[in-house]
Amino acid sequence: LFRSPVSVFWGWFLRPRFCLRLTTAKSGSRTSSPAMVDIAEEDLKKEIQAVLEGRDLTTTSLKVVRTELEVRLKLASGAMDARKNEVKALVAAEIERIQNGGSASAASSPPPEPPAAKASGSKPKQVKRTKEEKADGEDDGEPASKKAKGPSTKERQQSAMTRAAFMKAAKSFAIQIGDKKVKLDPKTFSTGSCGFFANTKVTVDVNGTPLTLQCSLNLPVIGSKTWED
């Protein structure tokens, strides 16, 4: 067909430029997105282990891990986003491994020994006992050497009498404390032990100054906790 010189000119002028624009646009779109990272899963796992080693896992996010991987592997920023799910799974597995390893080592390690007493001669703290526990008479106060030779005071007295017989026969008595005689009366304690008890105030002179003291006396009979009523 016959084409006019004008149509031939415009066809020659416009077509190459249009194709050039399309080519430039396509090539630009390919270079703008990061390429797929070509690294084996086992190698990626080792890199993740190196990134997480010694880190505070409570403050380390997946984004931080991916950024560190990009730096270690010398990749462009955002290159690991294409394998985001894979990195997430590997990070979760590594954290679980670290936690299991930590708990296993803690379980296998012996408990720490208590600190030794200071050289100044300070004694280790003892568990405080209440007044009623002290009135039980469980500790007869005899040295271990004496206990080994025969029955203890507690063993000798645990069947000496009944509680009723003690309360009927026991008589009150007084002891001197400071300027006052303190009277102790027979009593059955709430723990079951029998003995003598007093609760009063006494005055003691200290360097010419009279001081009032609260005086509470518990005198349980050793072994009486097991007496029958």
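Assuming charge only on the beta carbon of Lys and Arg (+1) and of Asp and Glu (-1), the dipole of segment 34-78 about its Cα centre is about 160 debye to the nearest 20.
What order, most packed first, do the peptides 194-202, 77-85 have when packing is the mean number of other Cβ atoms within 10 Å of each residue?
Numbers: 194-202: 16.8, 77-85: 14.4.
In decreasing order of mean packing, 194-202, 77-85 become 194-202, 77-85.
Once the Cα-Cα distance is subtracted from the 0.36 nm per residue extended length, the ILE39 to THR67 segment shows a gain of 8.5 nm.
Excluding ligands, DNA and RNA, the accessible surface per residue across segment 163-229 is 61 Å² with a 1.4 Å probe. As a size descriptor, the averaged projected area of the C-alpha convex hull of segment 154-228 was calculated at 5.7 nm².
The values are calculated or read from the model by the stated rules, or taken from the named source; none is laboratory data. Keep in mind it's a predicted model, so treat the numbers as computed, not measured. When we count neighbours, we look across all protein chains shown, and the Cβ atoms used for this are built from the backbone with ideal geometry, even at glycine. For accessibility, only protein heavy atoms count, side chains too; no ligands or nucleic acids. Shrake-Rupley method; radii C 1.70, N 1.55, O 1.52, S 1.80 Å.
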